[in-house]
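Here the structure is laid out as structure tokens; the discussion comes afterwards.
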């Protein structure tokens with residue numbers, strides 16, 4: 001094998017399309033605004049790095065860093081009336 005080249009034979013998956021710096025930026029964006037969708041993060045990364053990143057990659061990186069893709073709670077589950085009746 002020549003120096004500076006990579007040998008794909010020992011690998012079961014392709015190399016990552018994002019760098020560790022981009023991964024940190026993805027996590028930072030998701031932490032700063034929990035409501036931002038993965039497509040928006042992908043578009044931002046693409047505009048900064050000038051190479052395409054799909055939303056699934058963003059979700060995978062967030063999952064690898066311990067963040068989940070749960071949706072935000074849009075409202076309270078119980079109103080005051082429900083709580084009063086529940087007692």
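The values are calculated or read from the model by the stated rules, or taken from the named source; none is laboratory data. All values derive from a computational prediction rather than experimental measurement. Don't worry about glycine lacking a Cβ; one is built from the backbone with ideal geometry, like all the others, and counts go over all protein chains shown.
Below is a table of values for the structure above.
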quantity	calculated
Any hit, the stretch 71-87, residues being in a loop (DSSP other than H, G, I, E, B) and modelled with pLDDT of 90 or more	no
Near pairs, Cβ below 8 angstrom, 6+ apart or cross-chain, from the stretch 70-87 (over 30 Å from residue 60 (Cβ atoms)) to any residue that is part of a loop (DSSP other than H, G, I, E, B) and modelled with pLDDT of 65 or more	86/78
Filter result (within 13 Å of residue 17 (Cα to Cα) and at pLDDT 90 or above) within the stretch 38-49	42, 45, 46
